[in-house]
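Enquirer: To start, I am sharing the structure in question, which I have written as structure tokens.
Bear in mind that the values in this text are calculations on the coordinates, not laboratory data. Everything numeric here is computed off the predicted structure, so don't read it as measured data. We place every Cβ from the backbone using ideal geometry, glycine too, and count neighbours over all the protein chains shown.
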Amino acid sequence: MIFKYIELFQEFGKKYGNYYAILSAIASGKNTAAEIAASIGNASVGGLLQRLEEDYEVIAKKRPVLAKEGTQSVRYEIADNLLRFWFRYIVKYQDFIQIGLFEKLAEIVKADYFTYSASTLERYFREQLKEKQIYKNIGSWWETSKGKDVDQHEIDIIAISAESPKVFIAAVKRQRKNVKPELFQQKVEAIRAKLFFNEAIETTCLTLEDM
């Protein structure tokens, strides 16, 4: 697997620095085009993102469930978990590795693990739902307030049944005690009013215990 990516990175050519910066930004949680551009100091990232997605297939574009093709609410994620880890820690902290600060790097990874593993857990449960082959659309949902960079009513997982007017909505947390039932229900009611007012909705919380 790693040799496959070494060959891929060699194809980046002279722009490898730009591609590395973009992948590092995405791995660090900068997942919109605006955030990525601001993070790397380059306003012209559209073409680079397109190549990473369509030509190299290293990143994937995410839209809220049922969002139209041309929606501006787009997020990017690194498609492979190994690459996510590599660019979040190895590339970002390569100076630590070169000088031998392995214990310090381990401390950084450990301190950041809860944040890093949260999105990985979501991806795990989405894959589990796909394997059931009873849903026609599986993803997440969010909306951004106009004029603000704050996502409102974000929901971790939404799965729409392929055979009946049913929707499965889940909050994903490492531990069940971290779930805020009232807040989660507010989000469910918000999306019910916007998208699923005619469907039966099943809700739950998925944690490490459900793996």
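Enquirer: How much of the DSSP beta bridge set in the range 69-211 is antiparallel, as a percent to the nearest 5?
Expert: On the way: 11 of 18 bridges.
Rounded to the nearest five, the antiparallel share is 60 percent.
Enquirer: Can you give the FRET efficiency for TYR56 and VAL109, using 1/(1 + (r/R0)^6), R0 = 35 Å, r = Cβ-Cβ distance, to the nearest 0.05?
Expert: With a Förster radius of 35 Å, E is 0.85.
Enquirer: On a 25 Å Cα-Cα criterion, which of the cross-link pairs LYS68/LYS166; LYS68/LYS180; LYS61/LYS104; LYS166/LYS187; LYS14/LYS62 come out too long?
Expert: Details: LYS68/LYS166 21 Å; LYS68/LYS180 30 Å; LYS61/LYS104 33 Å; LYS166/LYS187 17 Å; LYS14/LYS62 28 Å.
Result: LYS68/LYS180; LYS61/LYS104; LYS14/LYS62 exceed 25 Å.
Enquirer: On full extension of the chain, what length is gained from SER73 through ALA118, given 0.36 nm per residue of separation minus the C-alpha to C-alpha distance? Write out the running numbers ahead of the final one.
Expert: On the way: separation 45, 0.36 × 45 = 16.20 nm, distance 2.10 nm.
The span from SER73 to ALA118 would gain 14.1 nm if fully extended.
Enquirer: Roughly how big is the chain's charge dipole about its Cα centre, with Cβ charges of +1 (Lys, Arg) and -1 (Asp, Glu), in debye to the nearest 20? Intermediate results must be reported in sequence, preceding the final value.
Expert: Details: 31 positive and 29 negative charges, 62 e Å.
Dipole magnitude for the chain comes out near 300 debye.
Enquirer: For the charge dipole of the chain, defined by +1 on Lys and Arg C-beta atoms and -1 on Asp and Glu C-beta atoms about the Cα centroid, which residue among ALA43, ILE78, SER24 has the Cα displaced farthest towards the positive pole?
Expert: Toward the positive end, the furthest listed residue is ALA43.
Enquirer: Output ³J(HN,Hα) for the range 202-207: one whole-Hz value per residue in order, computed from phi by the Karplus curve 6.51 cos²θ - 1.76 cosθ + 1.60 with θ = phi - 60°, and x for Gly and Pro.
Expert: Karplus values, whole Hz, x for Gly and Pro: 9, 10, 6, 10, 10, 10.
Enquirer: Span-like helices, the chain: DSSP H, alpha-carbon axial extent 27 Å or more, mean Kyte-Doolittle -1.0 or greater, which ones?
Expert: TM-like helix candidates: 102-132.
Enquirer: Still on this structure, I have one more. Taking the Cβ of ILE201 as the center, what net charge do the other residues with Cβ under 15 Å away carry, scoring Lys and Arg +1 and Asp and Glu -1?
Expert: Values: positive: LYS166, LYS187, ARG192, LYS194; negative: ASP156, GLU189, GLU199, GLU202.
Charge balance in the 15 Å sphere: 0.
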